[in-house]
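Report on the following structure.
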Amino acid sequence: MSFHLNSHSKGMRTRRLLTRSSSRFNLKVNQDTSKKLVRVDRVNAIAEPELLDLPKAFSEAAPDASPVLICGQVSHSLTKEREEVITSMEDFMTDKVYKYLKPVEKCWQASDYLPDPSQEDFIPKVQELRERTLALPDEYLVVLVGDMITEEALPTYMSMLNTIDATRDETGSADTVWARWTREWTAEENRHGDLLNKYLYLSGRVDMRSIEVTIQNLIGSGMCPKTENNPYLGFMYTSFQERATKVSHGNTGRNAVGHGDQALGEICAQIASDEARHEKAYQLICEELYNRDPDGMMMAFADMMKKQIVMPAHLMDDGVHTTRGSGAKLFEDFEMVAMNTETYTTRDYIDIIDYLLKRWKVESIVCTSESGQAAQDYVCKLPNRLRRLSERAEKRMKKRQKQPVKFSWVYDREFLV
């Protein structure tokens, strides 16, 4: 999950919505485009969007590109020169990055951490699990459910990766290193939601039907990361988001142990460990892009920071949350609970930016273009700027009166947020 800090305005709202307007990614063409052209060139809509006579756009991440607007979003901002940089990295992916995925036989599976239904002690083990989870407070359960829902929306994330130019899986089973990475990364990530879902189901503490409705709605809504089909932006997003997910799962695990559920703490730790491996892989890709195209990667970093990293589940909806109480969206209230429980906070968001600056040694990178140098100056100053904004926001938060909120995930039990 991630939080917005508006560094371009004089003030900052106590809580800024992360649900920026985003349509589902339906490819629409101008009204004056003939049906024949759409039929003939549908397969080229991604590789050659200009054939569809789409509106032109501008990308701050690639000012020398000729992107187009699709459903109001800047799209296809990868230049031919930068496409060549990406395609030249296949050996690097094979030799340096692919090792961050584990062979299936060495991966843990959900059944390793759950009662075995084939054994005679299955019912007693389930009862032990249910007794452990009785000590978990509702605020904790809301955060855990939100984490699980985020993991369960994995089809959306694979779809997003397969919108990226030069790296997408063109056939669904392509044998390129980029396509294999996406499929196998997805397969590893799939275990996370699977395990958390089953654990919560066995606990009896949460309303599984409401949760399942939320998952279906979320997958149906998609996500809006604003990565422009551009691998520079896409891998910048995943470098940040994998670390954010690791932080969130790590804190969720520590909180579980604090509430007396050691087994759940171990589960969250294992998931966080996977996210740590994936984080390293995506950050290594960006490091190599800095080596090969420092200006291009620097502009991508700055562009994603200006847009701000949104949580993959920012469009979550249970169908009822906005109809009662303050009318706030489900993600907004979930975000507040995550902050109140210190599972993932504004400070964590800023710390990740700081970490990436040090990880890639951004301050010492030599950019030759004016745009690259301006981007470098922006990102290097950003953490301190955001910390000042965060301090002011925290002061306002302390003065804010908490409001009672009901979450359908915990059977509409009410607590202050």
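The values are calculated or read from the model by the stated rules, or taken from the named source; none is laboratory data. Every value quoted in this text rests on a predicted model; they were computed, and no experiment measured them. Neighbour counts are summed over all protein chains in view; Cβ atoms, including those assigned to glycine, are modelled from backbone coordinates with ideal geometry. These accessible areas exclude ligands, DNA and RNA; they are computed on the full protein's heavy atoms, side chains included. Shrake-Rupley method; radii C 1.70, N 1.55, O 1.52, S 1.80 Å.
Exactly one condition in (1) assigned to a helix (DSSP H, G or I); (2) open to solvent by 10 Å² or more (accessible area, probe 1.4 Å); (3) of a type outside the set (S, T, Y) is false for L315; which is it?
(1)
With the condition kept exactly as written, say whether any residue in the range 89-102 is modelled with pLDDT of 95 or more, of a type in the set (K, R), open to solvent by 70 Å² or more (accessible area, probe 1.4 Å) and not in a loop (DSSP other than H, G, I, E, B).
Yes, that holds for at least one residue.
Quick one: how many residues across the range 226-278 are of a type in the set (K, R) and either closer than 17 Å to N197 by Cα or over 12 Å from the mean Cα position of the chain (by Cα) (or both)? I'd like the intermediate steps shown before the answer.
Start the filter on the range 226-278 by keeping residues that are of a type in the set (K, R), which leaves 226, 243, 246, 254, 277.
If we keep only those that are either closer than 17 Å to N197 by Cα or over 12 Å from the mean Cα position of the chain (by Cα) (or both) as well, we get 254, 277.
So the count comes out to 2.
Against the condition modelled with pLDDT of 95 or more, aliphatic (A, V, I, L, M), open to solvent by less than 80 Å² (accessible area, probe 1.4 Å) and within 23 Å of D293 (Cα to Cα), how does A47 come out, does it pass? Quick ask: steps written out before the conclusion?
Values: modelled with pLDDT of 95 or more: no; aliphatic (A, V, I, L, M): yes; open to solvent by less than 80 Å² (accessible area, probe 1.4 Å): yes; within 23 Å of D293 (Cα to Cα): yes.
Taking the combined requirement at face value, the residue does not satisfy it.
From (1) surrounded by 23 or more Cβ atoms within 10 Å (Cβ to Cβ); (2) out of contact with any His (no Cβ under 9 Å at 6 or more places or on another chain), pick out the condition that doesn't hold for H249.
All conditions are met except number (2).
Among the residues of the range 291-302, which ones are open to solvent by 10 Å² or more (accessible area, probe 1.4 Å), in a helix (DSSP H, G or I) and touching a helix residue (DSSP H, G or I) at 6+ places or on another chain (Cβ under 8 Å)? Talk me through it step by step, then tell me what you get.
Of the range 291-302, the ones open to solvent by 10 Å² or more (accessible area, probe 1.4 Å) are 291-295, 299.
If we keep only those that are in a helix (DSSP H, G or I) too, we end up with 291-292, 294-295, 299.
Selection gives R292, P294, D295, M299.
Within the range 69-83, can one find any residue that is surrounded by 14 or more Cβ atoms within 10 Å (Cβ to Cβ) and in a helix (DSSP H, G or I)?
Checked the range 69-83: at least one residue is surrounded by 14 or more Cβ atoms within 10 Å (Cβ to Cβ) and in a helix (DSSP H, G or I).
Report, by residue number, each residue of the range 393-417 that is hydroxyl-bearing (S, T, Y) and open to solvent by 80 Å² or more (accessible area, probe 1.4 Å).
Taking the range 393-417 first, the residues hydroxyl-bearing (S, T, Y) are 408, 411.
Result: Y411, single match.
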